Amino acid sequence: MSVLSDLTAGLADGRVEVIDLTAPLSDRTPILQLPPPFANTQSFSLQEISNYDDRGPAWYWNNISAGEHVGTHFDAPVHWVTGRDGLDVSQVPPRQLIGPAVVIDKSAECASNPDFLLQVRDVEDWQRANGPLPHGGWLLFRSGWDSRAHDQSRFLNANETGSHTPGVSVELAQWLANEAPVIGFGVETVGTDAGAAHGFEPAFPCHSFLLGAGKYGLTQLANLGKLPTTGALLIAAPLPIVRGSGSPARVLALVSR
Ligand code: MN
């Protein structure tokens, strides 16, 4: 049996399960809110073209509008100034859109501390228990934040001191960019960096170091709690927007049962 026919048989008989890591995309999908003087992204919206009516009696369709970084989405290297000479989202090799994914679960820590920062030692501890991070794959950070994704205010968790959402330390961002074998880092929050990361040195270290190293980000993932710690195969499908800095993406995981 070929590898692919084995996979097809596994999908048919349930030995391989498909888990959707994508949040629903609508005008209620939470979006990033930058403070003045910075410009902000548009929400997702539908504009109806026809709905089985005089404008098109047998067909329903819409125009869509949205920022590139809305909902579950892919960050390409050119998104950040450190990656400005890197790939745009249309240039990401398809081979890199399928790869192994592992999950580090700090949802309990994040529930008691919304400013929780994942540290190098957390990943080192994880590796001692689970083996090395996957070459060419993804490290996915489970923070539990997807349970807030239906509510913009709870998702951004902002007060007068800014947004309070989990992320990674400066040292871990640097390590993931320069030493880890993964090609990307995925999160459940509105961005790969912590809510407070505007005040870090450098600011937004995950964006700065990973995208600067030609690596990728996946944001606002759902259902990470349904994944095994190791062994999932992740498929990320951003639109090939020419010159795009990112794209809403359908992200799926294949899991052995
Ligand atoms: Mn983004």
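The values are calculated or read from the model by the stated rules, or taken from the named source; none is laboratory data. Not measured: the values here are computed from a predicted model. No Cβ is skipped: glycine too gets one built from the backbone with ideal geometry, and neighbour counts run over all protein chains shown. With ligands, DNA and RNA removed, areas are computed over all heavy atoms of the protein, side chains included. Shrake-Rupley method; radii C 1.70, N 1.55, O 1.52, S 1.80 Å.
Scanning region 74-97 for residues that are in a helix (DSSP H, G or I) and over 11 Å from PRO240 (Cα atoms) yields PRO77, VAL78, HIS79, VAL81, THR82, GLY83, ARG95, GLN96, LEU97. For region 207-220, the set of residues classified as within 15 Å of the ligand (Cβ to nearest atom) and on the phi > 0 side of the Ramachandran plot consists of GLN220 only.
Does GLU171 meet the test of being open to solvent by 40 Å² or more (accessible area, probe 1.4 Å), at pLDDT 95 or above and in a loop (DSSP other than H, G, I, E, B)? No, not satisfied. Selection of strands (runs of 3 or more DSSP E) fully inside region 179-257 by the criterion of at least 3 residues being touching a residue at least 12 places away in the same chain (Cβ under 8 Å) and farther than 24 Å from PHE155 by Cα returns 232-238, 246-256.
Condition check ((1) surrounded by fewer than 11 Cβ atoms within 10 Å (Cβ to Cβ); (2) more than 16 Å from the ligand (Cβ to nearest atom); (3) on the phi > 0 side of the Ramachandran plot) across all residues:
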site	(1), (2), (3)
GLN33	no, no, no
ASN40	no, no, no
ASN63	yes, yes, no
GLY83	no, no, no
LEU87	no, no, no
VAL102	no, yes, no
GLU109	no, yes, no
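Of the numbered criteria (1) more than 24 Å from PRO93 (Cα to Cα); (2) in contact with a helix residue (DSSP H, G or I) (Cβ under 7 Å, 6 or more places away or on another chain); (3) within 15 Å of the ligand (Cβ to nearest atom), the one PHE200 fails is (3). Note on region 160-175: among residues that are within 15 Å of the ligand (Cβ to nearest atom) and either free of Cβ contacts under 8 Å to residues at least 24 places away in the same chain or of a type outside the set (Ser, Thr, Tyr) (or both), the one that is farthest from ARG142 (Cα to Cα) is ALA173. You will find that of ASN157, ASN178, ASN223, the residue that is more than 16 Å from the ligand (Cβ to nearest atom), among the polar types (S, T, N, Q) and in contact with a Ser or Thr (Cβ under 6 Å, 6 or more places away or on another chain) is ASN157 and no other. Note on region 112-131: residues that are open to solvent by 50 Å² or more (accessible area, probe 1.4 Å), farther than 11 Å from SER169 by Cα and not in a helix (DSSP H, G or I) total 1. Residues that are open to solvent by 90 Å² or more (accessible area, probe 1.4 Å) and either among the aliphatic types (A, V, I, L, M) or part of a strand (DSSP E or B) (or both) were ranked within region 49-61; the one that is farthest from the ligand (Cβ to nearest atom) is PRO57.
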